[in-house]
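Below is one structure; the comments refer to it alone.
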């Protein structure tokens, strides 16, 4: 029997506010443990939370960007459960009356577009963090850091419209791009600003009813999300084909072994005993405010991609790569302001620049090669000052030193050789060194022209003007 996977994702994104959702404590990452706390976020008796208006604005912005209906009336509820890093014994969240409903996001996989429904987006506060002793040289202890307690989050819950790990990865990449473009979250997975849980089940193809689902946690990259989902689908299919039963449970992804591991059974939904938080008044959002936020929303990835194709005449693939991350698009457009050759700029960014970004695991603007410097380097190629080969060497020097390419060319005498008489002497010497190849070339083996060009470039250290070299070879042979 053929089975299909049914996947839904729950994504938590930290809102990029300077202070927490219900108090004025800083959200700064990396501060000393338990230094960004106060009686409100610690849940001391007698304190009153006050909603951060900027957090609410960002949450509405997320809903607008993801095509949701913004609810005029929503409420905060208390979600009751015990956890060592949840000091109040409950989490302030939204339940039956969330802020945003019925959104959608379009993905593209293997050239096919597909809409993924978004069930809801609701606001909530984050819990703290438990740090187990083995990470601190004391295996018998667990430490609790409450700095994250009260950090503002939105939880974005998808419909079970995803059918593969590849689609899940595409959904998360698109979601991250939209949140970054809209200025809602930095989506830094390493710092916990973007976290994802996946609900996965299988069912016979054509069946409407869902199968028994498992929930996978502990996935800290898009690649791991894809691999974890693909493994879990394979595990469930194998279990069913062997006559086994899928247990409803929570599983952890082990990236070292590339397997999921059972964490705890989950035979039924937890009884969180939700009830409206008596300390927080209902949230009322006016239509005028939603319209203001909508009008102020920055250009989103799909719109920018269309503009890049139309305005810069880029292929769809190039535009997709350049708009996949907000800073890539900004870097590209800053380059084009300094030198108008969009396609060549795109090529350099997608090859040399992004290679360095990935290898260094850094932001594109952290490279010493700024947009202005990259544009200058490409301009030196376009005006014939340097060859493409020399440009690659200069690029490496720019990465190391941060120097301007014009300065490097001047200091290291790397200008392209375009003197006709000098090049003719070099070409003739290469002919003399390769008499057999020259004879075959004269007899009509035109492909040997590339061999001679290569030898000349080698002899000149890549500084010969390749276009002029080709012209002179043809002239001397004829």
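Some observations on this one:
- Relative contact order %, the chain, counting alpha carbon pairs below 8 Å whose residues are six or more apart: 14 percent
- Full extension of the chain between residue 459 and residue 358 yields a length gain of 33.0 nm, computed as 0.36 nm times the residue separation minus the alpha carbon distance.
- When 1, 189 are arranged by Cβ crowding within 10 Å, least crowded first, meaning fewest neighbours, the order is 1, 189.
- 60, 200 arranged by Cβ crowding within 10 Å, fewest neighbours leading: 60, 200
- Each peptide in 167-178, 449-460, 241-252 gets a packing score, the mean of other Cβ atoms within 10 Å over its residues, and the list from highest to lowest is 167-178, 449-460, 241-252.
- Shape category assigned to the range 176-220 from the gyration tensor of Cα positions, a/c cut at 1.5: oblate
- Mean ellipticity per residue at 222 nm, deg cm²/dmol - from DSSP H runs of n ≥ 4 across the chain, formula -39500 (n - 2.57): -12000 deg cm²/dmol
- Euclidean distance of C-alpha centroids, the range 458-478 and the range 190-205, integer Å: 57 Å
- The range 1-155: C-alpha gyration tensor shape, a/c 1.5 cut-off, then a/b vs b/c: oblate
- The modelled label-to-label distance between residue 338 and residue 140, using points 7 Å beyond Cα along the C-beta direction, is 5.9 nm.
- Nearest 10 degrees, 0 to 90: helix 466-477 Cα axis against the chain principal axis: 30 degrees
- Folded to 0 to 90 degrees: helix 165-181 orientation relative to the chain principal axis, Cα: 90 degrees
- Theoretical gain in end-to-end length, residue 80 to residue 286 [0.36 nm per residue, Cα-Cα removed]: 71.1 nm
- Residues residue 274 and residue 393, FRET efficiency given R0 of 45 Å [Cβ-Cβ distance, rounded to 0.05]: 0.10
- Stretchable slack from residue 159 to residue 297, in nm (0.36 nm times residue separation minus alpha-carbon distance): 47.2 nm
- Between residue 114 and residue 327, the simple label model (points 7 Å from Cα in the Cβ direction) yields a spacing of 3.1 nm.
- Using a Förster distance of 22 Å, the FRET efficiency for residue 209-residue 249 (Cβ separation, nearest 0.05): 0.65
- Centroid-to-centroid separation of the range 63-108 and the range 1-62 [C-alpha atoms, Å]: 11 Å
- The order of 72, 215, going from fewest to most other C-beta atoms within 10 Å of their C-beta, is 72, 215.
- Whether the range 420-477 is rounded, prolate or oblate, judged on the alpha carbon gyration tensor where a/c under 1.5 counts as rounded: prolate
- Summary of the geometry: the range 339-397 and the range 136-179, compared by the centres of their Cα atoms, lie 34 Å apart.
- From most to least packed by mean Cβ count within 10 Å, the peptides 205-214, 338-347 give 338-347, 205-214.
- Taking label points 7 Å from Cα along the Cα-to-Cβ direction, residue 372 and residue 29 give a separation of 2.9 nm.
FYI, it's all coordinate maths here, none of it is from the lab. The shown structure was predicted, so the numbers you read here are calculated from the model rather than taken from an experiment. Backbone-built Cβ (ideal geometry, glycine too); neighbour counts: all protein chains shown.
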